[in-house]
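The next block holds one structure in the form of structure tokens; read it before the comments.
Taken together, the values in this text are just the output of simple stated rules run on the coordinates, not laboratory data. From a predicted model like this one, the values you see are computed outputs, not experimental measurements. Heads up, the Cβs are rebuilt from the backbone with ideal geometry, glycines too, and the neighbour counts pull from every protein chain shown.
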Amino acid sequence: MSELKLENVGYRFANGDRDVLQGVTCSFEPGNLYAVVGPSGSGKTTLLSLMAGLDKPGTGKLFLAGEDLDTLDLDRYRRERVAMIFQAFQLFPLLTALENVCYPMELNGVPLEQAKERARELLAAVDINEDKQKRYPSHLSGGEQQRVAIARALSSGARILLADEPTGNLDTVNGDRVIEIFRHLAHNENYCIVVVTHDLAIADVCDRVYRITDGVLTTLSA
Ligand SMILES: Nc1ncnc2c1ncn2[C@@H]1O[C@H](COP(=O)(O)OP(=O)(O)OP(=O)(O)O)[C@@H](O)[C@H]1O
Ligand SMILES: [Mg+2]
């Protein structure tokens with residue numbers, strides 16, 4: 001059964017004059033890394049927001065492991081099942097890098113010392129050293145903030161990861177490292193990971209590629 005399934009999903013912003021998504025039907029399986037590509041403004045971030053349960057579709061339905069998302073506790077879904085890495089990071093500005101990564105674990109009841117230890121491991125895995133772990137986001141570079149956001153998404157333990165341009169601010173070495181982490185989690189730990197990207201080299205190493213053009217989704221590769 002698909003981890004996440006979209007059936008004929010359409011969306012229009014309240015102040016919009018056109019459908020930003022139209023008739024989107026697709027499914028995402030555990031154990032796979034997916035890419036979503038498409039021009040700027042085509043609807044990629046909107047699609048991820050619906051999949052993250054941050055907004056509801058105007059038409060159509062989403063299913064989590066066969067269950068209509070409408071019937072689920074969405075707060076719980078967002079806390080436990082899905083983690084989103086935002087295009088603009090959205091780190092908490094008054095928390096240090098380490099505290100940002102601890103936060104989802106604290107919400108899920110992990111004891112603080114245990115959360116800190118795991119946060120340090122996750123941050124080290126994306127090359128954020130102990131000095132940087134103590135800094136506030138405003139004292140980190142864009143690429144460093146992006147890597148903290150990735151570590152934070154991984155800390156929640158959610159098995160569905162939605163990443164909006166996660167390598168957009170990273171050099172090749174760090175970008176490759178992040179994609180390697182995603183591939184490992186998908187293929188060895190059965191995560192379901194969806195990466196929005198403009199980088200065709202990343203799309204190339206994904207298991208399946210969807211393209212969105214003007215809100216319409218097509219499959220590029222299976
Ligand atoms: N809050 C909003 N209100 C009205 N229209 C919006 C809003 N947010 C986005 N849009 C419009 O919806 C369309 C899709 O936006 P979206 O952010 O999903 O694009 P995207 O594919 O992620 O683009 P990019 O690659 O630039 O991030 C765009 O035309 C955008 O202008
Ligand atoms: Mg976007």
- Dividing the Cα radius of gyration by the Kirkwood radius, what Rg/Rh value follows for segment 157-222? 0.96
- Antiparallel as a % of all DSSP beta bridges within the chain, to the nearest 5? 50 percent
- Query: What does the helix-only formula give at 222 nm for the chain: each DSSP H stretch with n ≥ 4 adding -39500 (n - 2.57), the total divided by the residues, and the result rounded to the nearest 500 deg cm²/dmol?
  - Reply: -10000 deg cm²/dmol
- Message: Can you give me the angle between helix 97-107 and the longest principal axis of the chain, using Cα atoms only, in degrees from 0 to 90, rounded to the nearest 10?
- Response: 60 degrees
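How high is the relative contact order of the chain, given as a whole-number percent (alpha carbon pairs under 8 Å, six or more residues apart)?
31 percent
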- Taking the chain, how much of its Cα-Cα pair set, in percent, is spaced more than 25 angstrom apart? 38 percent
- Item | Whole-angstrom gap from segment 1-64 to segment 163-219, using each part's C-alpha centre | 16 Å
- Note on the structure: Projecting the Cα atoms of 155, 53, 83 onto the charge dipole of segment 4-221, where Lys and Arg contribute +1 and Asp and Glu -1 at Cβ, the residue farthest towards the positive end is 53
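Cα gyration tensor of segment 41-83, axes a ≥ b ≥ c as square roots of the eigenvalues: rounded (a/c below 1.5), prolate (a/b > b/c) or oblate?
The shape class here is oblate.
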- Message: What do you get for the angle between helix 112-125 and the principal long axis of the chain? Use alpha-carbon atoms, 0 to 90 degrees, nearest ten.
- Response: 80 degrees
- For residue 44, which lysines qualify as cross-link partners when the Cα separation must be under 30 Å and same-chain residues fewer than eight apart are set aside? 5, 56, 61
- Identify all aspartates and glutamates with a Cα-Cα distance to residue 134 below 17 Å; exclude those on the same chain that are fewer than 8 residues away in sequence. 99, 113, 117, 121, 144
